[in-house]
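These notes concern the structure reproduced below.
Nothing in this text is a laboratory measurement; each read-out follows from the coordinates by a stated rule. Since we're looking at a predicted model, the values are computed, not measured. With ideal geometry, Cβ positions are generated from the backbone for all residues, glycine too; neighbour counts draw on all protein chains shown.
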Number of protein chains: 2
Amino acid sequence: MKKVTILDIAKELNVTFSTVARALNDHPAISAATKKAVRETAERLNYRQNKIASSLRSGRTNVIGVIVPSLRVTFFSSVVSGIEQVMNANGYNILLYQSNESLVKEKKGIETFLQSRVDGILASITTETTDYSSYEEIIKRKTPLVFFDRAIDQLNISSVTINDYKGGFTATEHLIQQGYKRILHITADREILIFRERLRGYIDALRYYGLPVDDDLIVKGDFSPEFGKTVIKEARLKNLEYDAVFALEDFTAMGVLQQLQEFNVKIPEEVAVIGFANESFGSLVTPQLSTIDQQTILMGKEAAKLLLKLKKAELTQEEKPEKIVLDPLLIVRASSRRK
Amino acid sequence: MKKVTILDIAKELNVTFSTVARALNDHPAISAATKKAVRETAERLNYRQNKIASSLRSGRTNVIGVIVPSLRVTFFSSVVSGIEQVMNANGYNILLYQSNESLVKEKKGIETFLQSRVDGILASITTETTDYSSYEEIIKRKTPLVFFDRAIDQLNISSVTINDYKGGFTATEHLIQQGYKRILHITADREILIFRERLRGYIDALRYYGLPVDDDLIVKGDFSPEFGKTVIKEARLKNLEYDAVFALEDFTAMGVLQQLQEFNVKIPEEVAVIGFANESFGSLVTPQLSTIDQQTILMGKEAAKLLLKLKKAELTQEEKPEKIVLDPLLIVRASSRRK
DNA sequence: TTGAAAGCGCTAACAC
DNA sequence: GTGTTAGCGCTTTCAA
């Protein structure tokens, strides 16, 4: 099967290939009759545009590079899903890269994007990213860039993130409003911004409602379900008094839930539990788990829209970074509803 | 910032651009000294290869098109994660497309892949796909194609799928071996191959172990968690006797679990429950849910490897489709362990 | 409304 | 070991 090019169509119709090119691109200066003839011949010959050639010549690829730590994390695969939807609806395709939280792979991915001359990049940085050279390179090359979820503040780049502080505040506020007074918070032992923000929200909510901030009620660790269990066990050993638990993640919250049930603690009568992330299982467990939704699909869509906006603005030389901060959503379920 | 090409490097070094091209591609006929000089100059000028130009000339893009129904389904995002890992390790990048189970979008995606001259395509068809023309077109164009999970048998194309029959058999066999005798199976009311296969495995396992196949114990419906609950409620109303439930999906199984607990039925003493898919929440609920693991990451990796193999075979004209069928893994947890 | 011509940046066959 | 040359298939400017 021979490759069909615009030249073949041109020969068939006794016009030049540039007329064919124009007709296929719906150029206004081409007569309707010619367009029709070209389209029919293209169809008949089973012609298919070569985007590579088109990109080389025009300088546009209609491809957007998307780099995430890992698709195995539901949060990111959801965001990518949202990105793909919007980008595809606007004629762009997605070149996908997983960094696996490795700085080396991240650099390699961005290098590939740049070599592939993508029309824009959407990125969520790795936890290892301390060296920003890859991203500086993107900026230097004037390739539109938007961060989502994990951004680099110093670079003054457009981004879409979620207000984790507000999420922490809202979760805590909800527990307080339900009448809980001694709220245990499980947070991470590593310095990760989003978790620190949730903690800050927790503390501020307590203060706002005039409740004491008790350091004994702030527990740090890896945030596995197992750790959730450990926290509850140790709290019992120490005779720690608490009537609610706000865990930084739904998975941690599940560990808490299980251990409390093992101790025959009534949820939410004696102790309330709320998680974070709105994982799919939250509504399937007993009692159903209250949580904070992070609006993943929306984040992807907003990030994509922001990039598209940036690409338009390029033309008019406007270059003010826009930082969209999404509000997390409180999802109240049985595990924390006592009123 | 001016665009740097191999010509700029050539000028700096007083060699021709083809020497530069060879040096950058590590051509054996270029002296080490020249290579070094070229690399240093490239670095200094911040040169970056233009993959578009390279692809146009060479006919290779190093891009693989991947089309899935939706990344919001954990199963698919996991598989894509596996695909990306292997492909990236072999120098390929992923162009990603979501069909959203729509035939129109599927066609559009494949059209884009073909126009982008991808070096291969990995696809999981939509539930709507009855017209195979898009895939026939891929084959006609001699673009290597591998199906994963959802394949089109008639096309005689390489594929990686999971043995759902065996999954159904294994789940049922496990329950029988644990001493359960009246096993309720929840399946789909729509004609979906994988679910029919699981059902077939269920039936064969019963027969193999000399147990009667009772139509009353096979319940069809949408397979939401809600439906799982409904099944248990109705079984009670009808005084249906059963001592185990094999649900076609973990989500359905969760509904079953919850309703049984609401009825104070002891799991697994009175009734065992097993699901399918090994969703992340299975080990977090009480009791932990037994299930069948579908080896998603492995499926992605195998599909990627198969495509790579196909691309090599292309050269030697071998073209026998290879159909890899992965064995599902039985994961025994508390919900079905009574021995 | 259409044609002519240049060239995007690279690869690769052939030459020396 | 390096240079010469011819495109890959398209977009786009200028001309008619």
Problem set entry | Förster radius 25 Å - calculated FRET efficiency between A:SER283 and A:LYS339, Cβ distance, rounded to 0.05 | 0.80
For this session: Give the percent of DSSP beta bridges with both residues in chain B that are antiparallel, rounded to the nearest 5.
Result: 10
Exercise. If the cut-off is a Cα-Cα distance under 15 Å, which aspartates and glutamates reach B:LYS220, setting aside same-chain residues fewer than 8 apart in sequence?
Worked result: B:ASP189, B:GLU191, B:GLU197, B:GLU234, B:GLU249
Problem set entry | Mean Cα-pair separation over length for the range B:6-58, i.e. relative contact order, pairs under 8 Å, 6 or more apart, % | 30
For this session: Straight distance only, please: which aspartates and glutamates reach the Cα of B:LYS320 with their own Cα at less than 20 Å, same-chain residues fewer than 8 apart left out?
Result: B:ASP119, B:GLU136, B:GLU137, B:ASP149, B:ASP153, B:GLU302
Exercise. How much length is gained if the chain between B:GLN261 and B:ASP327 is pulled fully straight, taking 0.36 nm per residue apart and subtracting their Cα-Cα distance, in nm to one decimal?
Worked result: 20.6 nm
Exercise. What are the label-to-label distances in nm, one decimal and shortest first, from A:ALA29 to the same spot in the other copies, with labels 7 Å along Cα to Cβ?
Worked result: 4.4
Exercise. What are the trypsin sites (Lys or Arg not before Pro) within the range B:160-248 that DSSP puts in a loop, where the Cβ has at most 13 other Cβ atoms within 10 Å?
Worked result: B:ARG190, B:LYS238
Exercise. Label point 7 Å out from A:GLU128 along Cα-to-Cβ: which residues of the range A:143-165 have amide N under 19 Å?
Worked result: A:150-152
For this session: Name the lysines eligible as straight-distance cross-link partners of A:LYS35: C-alpha to C-alpha under 21 Å, and not fewer than 8 places from it in the same chain.
Result: A:LYS11, A:LYS51
Exercise. Let a ≥ b ≥ c be the square roots of the eigenvalues of the Cα gyration tensor of the range A:181-228; is it rounded (a/c under 1.5), or, if not, prolate (a/b larger than b/c) or oblate?
Worked result: oblate
Exercise. What FRET efficiency would be calculated for the residue pair A:GLU270, A:ASP216, taking the C-beta separation as r and a Förster radius of 25 Å, to the nearest 0.05?
Worked result: 0.85
Exercise. If the limit is 30 Å between Cα atoms, which of B:LYS2/B:LYS309; A:LYS305/B:LYS3; A:LYS166/A:LYS301; A:LYS140/B:LYS309; A:LYS3/A:LYS305 go over it?
Worked result: B:LYS2/B:LYS309; A:LYS140/B:LYS309; A:LYS3/A:LYS305
For this session: State, to one decimal in nm and shortest first, how far the label point of B:LEU45 sits from each corresponding label point in the other identical copies (label point: 7 angstrom along Cα-to-Cβ).
Result: 3.7
For this session: Report the convex hull volume per residue for chain B, counting only C-alpha atoms, in Å³.
Result: 181
For this session: Looking at the protein assembly as shown, send over the antiparallel percent of its DSSP beta bridges, to the nearest 5.
Result: 15
Exercise. How much mean residue ellipticity at 222 nm does chain B get from its helices, if each DSSP H run of length 4 or more adds -39500 (n - 2.57) and you divide by all residues, to the nearest 500 deg cm²/dmol?
Worked result: -14000 deg cm²/dmol
Problem set entry | Position B:GLU136, label points 7 Å along Cα→Cβ, spacing to each other copy in nm (shortest first, one decimal) | 5.7
